[in-house]
Amino acid sequence: MQYGRAQAFVKTRDVTFLRGQKWQIILTGIPDISKSPLPPMDAPVWDIDLLDNNVATITALKASGKIVICYFSAGTWEDWRDDAGTFPMTDLGKVLPEWPNEKWIRTGSSKIREIMAKRIKIGAEKGCDAIDPDNTGTFPQQNDNGLNLKNTDLVDYMKWLQKEAAKYGMKIGLKNSLDIIPTVSPYVDFAVNEQCAQLNECNVYDAFLASNKPVFHIEYPTPLTPAQANTTLCTGTGTDGMSTVLKPMILDGTVIYCDGSIVNTPTNGTTNPTRPPRPPTTPRPTPTTRPGSPPVKTSSAKPTSTPGNGGGCKQKHWDQCGGNNWKGCTLCESPYTCKGVSPPYYYQCL
């Protein structure tokens, strides 16, 4: 694949990732730069959706001193993306049980890598400082992917993604995939983890943190209140030195930090489906803490928002509702509040 001259791209920077950096992640909605300077103003690292956000948003964030990480799914086909029609059917695997609008992809396919190289190039054109490739989960721990993908495929793919990003001066992180951290650590600049405190897994990152690389750590407590900052979500084994945020599972502009401060970053809406947190990629020590959810949702339609006064509810997926398989639930959106009713952990609007 041919690449344009460096001056054809928005200028990239040799940014530095360090252990403990404060951050914000917004994958539902787009930071409203018309309201700059955006809170949290003291968070130097922001993780936003690559394909939803434009050059102007990324440029404005960088002008305010932010390091911009651009998120995209590198391991699945998503039916709502503009390039969905370019994926060969022969390179698509099974539907993700927790996200019926996605299918696993054959990561070693030359065509798939061409598509992902284009996405990385888009990141360079928009001025992203780094990429956050999602869904590159450790394959033997996932549900049957239909493509016979193995851990070795993941490691090879992560190395390839790193080389592609490096062509443009961009850095790369590893999303979850705990059991390959020792192998992949030399090739990545940061890690993004979901729920390691809830699942008693954060100490897996001890060596990674000791190398002064940040672990951008997300927990999804219910209820989402400042009081959760005084729990093991922030203080549990292995969390020391992590860049921990407490977020709603829709990953909008709301964030609570471990000092108990709460921030609501202004955002504009997006019509794309909300990105869910990923399912477990390693054996969980306490599976009984993730009970079942409501009846199975069989529709393959994109999740939609129920209209409401200033907000509404969205039909979500098992890993946002405390379940172990695709059974759906209802999750409130800001400004509504939510509550969990146990069992079976419905999230309902108040």
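Bear in mind that the values in this text are calculations on the coordinates, not laboratory data. Computed from a prediction, not measured in an experiment: that's the story for all the values here. Note: ideal-geometry Cβ built from the backbone for every residue, glycine included; neighbour counts use all protein chains shown.
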For this session: Please give the FRET efficiency for Asn212 paired with Met89, using the beta carbon to beta carbon distance and R0 = 45 Å, rounded to the nearest 0.05.
Result: 0.55
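Give me the extension gain from Thr235 to Glu114: residue separation times 0.36 nm, minus the current Cα-Cα distance, reported in nm with one decimal.
Numbers: separation 121, 0.36 × 121 = 43.56 nm, distance 4.23 nm.
Extra length from Thr235 to Glu114 when fully extended: 39.3 nm.
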For this session: Select from the stretch 58-148 those chymotrypsin sites (Phe, Trp or Tyr not before Pro) which occupy a DSSP coil region and have at most 14 other Cβ atoms within 10 Å, ordered by residue number.
Result: Trp80
Problem set entry | Difference of contour (0.36 nm per residue) and Cα-Cα distance, Lys22 to Lys35 | 2.6 nm
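I need to check one value: relative contact order of the stretch 133-245, counting alpha carbon pairs closer than 8 Å and at least 6 residues apart, in percent.
Result for the stretch 133-245 is 21 percent.
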